[in-house]
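Take a look at the structure set out below.
Only the coordinates and a few stated rules stand behind these numbers; no lab work does. What you see is a predicted model; the values in this text were computed from it and never measured. Cβ coordinates were reconstructed from backbone atoms using ideal geometry, including for glycine residues, and neighbour counts include every protein chain displayed.
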Amino acid sequence: MNSIIWKIKTFEEFAVPELYAVLKARVDVFIIEQNCPYPDLDDYDQKAVHIWAEENGQVLAYCRIFDRRIKYNEASIGRVLTTAQARGKNLGKQLIQYAVETIENRFHTSEIRISAQDYLLRFYNGFGFEDTGKKYLEDDIPHTEMIRK
């Protein structure tokens with residue numbers, strides 16, 4: 001039986017246990033697993049819409065989305081993750097699909113800019129994102145800026 005629940009909430013709509021579970025997942029993946037001390041709490045969560053899959057209160061996949069002119073001129077998706085126990089279940093694909101649909105529905109735009117870790121370029125390509133050629137290291141991890149028109 002599939003007991004995975006998808007949630008889409010603004011910062012103000014979070015229940016405290018949900019926020020804790022989301023932040024824990026982000027710390028587990030980006031800071032612990034990727035061995036990357038960086039300021040995850042960047043004062044952008046308040047401006048984001050948060051999308052995640054959970055099962056029994058545990059976050060399985062997560063991202064946050066932004067309207068235009070918050071991170072970039074275009075809408076954007078960030079902090080994309082699938083937790084270790086949830087990988088290989090295609091949740092990442094569902095997550096990006098939901099993110100793109102939510103951006104189109106809530107922000108009324110299909111232009112989305114992302115900063116992708118390089119090993120995910122083909123993954124994002126599948127959703128119509130194109131390599132802008134802008135490449136850089138962020139916290140020692142190679143990234144490429146991608147855009148979807």
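A few comments on the model shown:
- Among Val49, Val27, the ranking by other beta carbons within 10 Å of each residue's beta carbon, starting with the fewest, stands as Val27, Val49.
- Of the cross-linked pairs Lys71/Lys134; Lys47/Lys71; Lys93/Lys134; Lys89/Lys134, those separated by over 19 Å at the C-alpha level are Lys93/Lys134; Lys89/Lys134.
- Phi to ³J(HN,Hα) by Karplus 6.51 cos²θ - 1.76 cosθ + 1.60 over segment 76-88, Hz, x for Gly, Pro: 8, 10, x, 6, 6, 8, 10, 6, 3, 6, 9, 5, x
- Taking the fewest neighbouring Cβ atoms within 10 Å as the starting point, the ordered list for Thr82, Thr10 is Thr10, Thr82.
- Cβ-based charge dipole, segment 73-142, positive-most Cα from Ala116, Ala86, Gly126: Ala86
- Antiparallel bridge percentage (DSSP; both residues within the chain; nearest 5): 90
- Neighbour-count order for Asp140, Asp131, Asp118, fewest beta carbons within 10 angstrom listed first: Asp140, Asp118, Asp131
- Under a model in which nothing but the beta-carbon of Lys, Arg (+1) and Asp, Glu (-1) is charged, the chain shows a dipole of about 380 debye around its Cα centre.
- Among residues other than His143 with Cβ under 10 Å from its Cβ, the summed charge is -2 (Lys and Arg +1, Asp and Glu -1).
- Note on the chain: GNM, Cα springs under 10 Å; of Thr132, Thr83, Thr102, the largest mean-square fluctuation is that of Thr132.
- Cross-link partners for Lys149 among the aspartates and glutamates, with Cα-Cα distance under 16 Å and sequence neighbours closer than 8 places in the same chain left out: Asp67, Glu74, Glu101, Glu104, Glu111, Glu130, Asp131.
- Overall Cα dimensions of the chain - principal axes, largest extent first, Å: 40, 35, 33
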